[in-house]
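Comments concern the structure below.
Every read-out reported here was derived from the displayed coordinates using simple, explicitly stated rules and does not represent laboratory data. Keep in mind that this is a model prediction, so the values were computed, not measured. Glycine also receives a Cβ, built like all others from the backbone with ideal geometry; neighbour counts cover every protein chain displayed.
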Amino acid sequence: MTAEDLVLVIGSGVQRYREYLLASAGKHPIWLVDSADPTWQLPHVAGHTVVPQADAGRMTPDVPALVRAARQIAAAHQVRGVMSYDETLVVATAHIAAALGLPGLSVAGALNCRDKPRSRRLLTDAGVVQPRFAYVTDLARAEAVAAEIGYPVVVKPRGMGASIGVVRVPGPRELASAYTTAEESSRGGNPDFEGGVLVEELLTGPEISIDGAVRDGVYRPMFIAHKSVGQEPYFEETGHRITSDEPLLTDPVLADTLARAHRALGLGSGITHAEVKLTARGPAIVEVNARLGGDLIPYVGRLATGIDPASVAVDLARGLPPDLSTSRTGTVGIRFCYPSRSGTVAAVTVPSPGDLPGLLEAEQITPDGAALRLPPDGYANLSRYALLIARGDTPEECTRTLDAAESAASVRLTGA
């Protein structure tokens, strides 16, 4: 690959959660297209272009402007591919790939993942196991659908990620509040995917996520993360655990479910992050996202397996077969620490990796003086005060280390 053999990266994300991806992708010549001048991104990129958002307050990409910018870059340089790991930019990235005649996710496939009702309808038509559902735009219809499905149900926004606005509803009395939370959450993102909510059957069983690669419509998993959730009735993701020789990677029913789901969504080529419940009916699709997983899942996957998700994404963007071979053994997990209430951070204590065998990293992620807000007022990086990463020879050993590390972590809050 020459310096002119560029891959465009659309959006860079939050530094703590995404820099490792940009750094790894930057082993190849990449050109960053982002909505603000780069700072921490500069060591990782060969060049950059700034394209302001259409609505900065709502993180709405200006798709025509992004396509024009990509054309201008391609007129001056040899562009071989385009990729993004930002949920809000996957549709724009697909438009760029189509405009430049590059490999990548199809526009329809990206839209099919971003728009949850659309995704559900396509998976239903393909006979893929998933929860019973309905897309509704008013509370009265939500009440009727929930009664038909049977409580408890789940309500979620039409097009948000990171479990934002997703609420478990135990009965009719709680539905109105949950509907409002989910519907209002959708209005904090792209207006193309706002308004209304999905009312879904509550699936029971362990939940996993799968980061995988799709090349010319053929799907292959990279690694499987076992997910932990908390903060009921919300679905805040509190941790993930990945094992290099995960038995589910060779499960034929799961493999068939994932393959049929990806075919139904018509994705083309690129990276996906699928969420699956292991139910009595078999593996059921929660959702398929047209980007790498969040919560540092790809980083944990790289530590556990040796597979480099960013390099895989670059290869797919260039139309090349990716290397999905594992080079490591054991289990690596991540745990996020939450306060017992909302407040302002006065002090955080985390254990030292040297004090606990197997603890790889322990880091305060919300600075002193910042507000911590539990759902529904805050999600993900607004409600976590620390992260912990551990390795073990077995999943059980990894979990014990994370439990001990979490017990040693603490936060002191002021205010409410």
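Some points to look at:
- The calculated 222 nm mean residue ellipticity attributable to helices in the chain amounts to -9000 deg cm²/dmol, summing -39500 (n - 2.57) over DSSP H runs of n ≥ 4 and dividing by all residues.
- Farthest toward the positive end of the dipole of the chain, out of Ile30, Thr394, Val411, is the Cα of Ile30, where the dipole comes from beta carbon charges about the Cα centre.
- Listed by chain and number, the lysines whose alpha-carbon sits under 25 Å from that of Lys277, ignoring those within fewer than 8 places in the same chain, are Lys116, Lys156, Lys227.
- When the Cα gyration tensor is reduced to axis lengths a ≥ b ≥ c, the ratio a/c is 1.5 or higher for the range 258-374, and with a/b above b/c it is classed as prolate.
- Three-way shape call for the range 347-412 based on the alpha-carbon gyration tensor, with the a/c threshold at 1.5: prolate
- Label positions at Arg400 and Thr49, each projected 7 Å from the Cα along the C-beta direction, are separated by 5.5 nm.
- The Cβ shell under 12 Å around Val169 holds other residues with a net charge of -2, Lys and Arg each +1, Asp and Glu each -1.
- Euclidean distance between Cα centres, the range 208-284 to the range 294-343, Å: 13 Å
- Integer Hz, Karplus 6.51/-1.76/1.60 couplings in order for the range 199-209, x for Gly and Pro: 9, 10, 4, 7, 7, 10, x, x, 10, 10, 10
- Dipole of the range 257-416 computed with +1 at Lys/Arg Cβ and -1 at Asp/Glu Cβ about the Cα centre; of Val350, Cys337, Leu258, farthest Cα towards the positive end is Leu258.
- Each residue of the range 24-29 was assigned a 3J(HN,Hα) from its phi angle through the Karplus curve 6.51 cos²θ - 1.76 cosθ + 1.60 (θ = phi - 60°); the sequence is 6, 4, x, 5, 9, x Hz, with glycine and proline shown as x.
- For Glu236, the residues 5 or more places off, or on other chains, whose built amide H falls under 5 Å of its own are Gly230.
- Cα gyration tensor shape for the range 5-102, rounded if a/c is under 1.5, else prolate or oblate: oblate
- Trypsin sites (Lys or Arg not before Pro) within the range 200-256, DSSP loop, no more than 12 other Cβ atoms inside 10 Å: none
- Check: the range 5-102 dipole with +1 on Lys, Arg Cβ and -1 on Asp, Glu Cβ, in debye: 160 debye
- Straightening the chain between Thr329 and Ala36 buys 101.5 nm, computed as 0.36 nm per residue apart minus the Cα-Cα spacing.
- Relative contact order computed over the chain (Cα-Cα under 8 Å; 6+ residues apart), in percent: 14 percent
- Between the residues Leu372, Tyr299, Leu66, the greatest Cα displacement towards the positive end of the dipole of the chain, with unit charges on the Cβ of Lys, Arg, Asp and Glu, is found for Leu66.
- Label-point separation in nm, Ala346 to Glu232, each point 7 Å along Cα→Cβ: 3.1 nm
- Subtracting the Cα-Cα distance of Arg68 and Arg220 from 0.36 nm times their residue separation leaves 51.4 nm of extension gain.
- Summarising the amide proton neighbourhood of Leu6: residues at separation of 5 or more, or on other chains, whose placed amide H is nearer than 5 Å comprise Gln78, Val79, Arg80.
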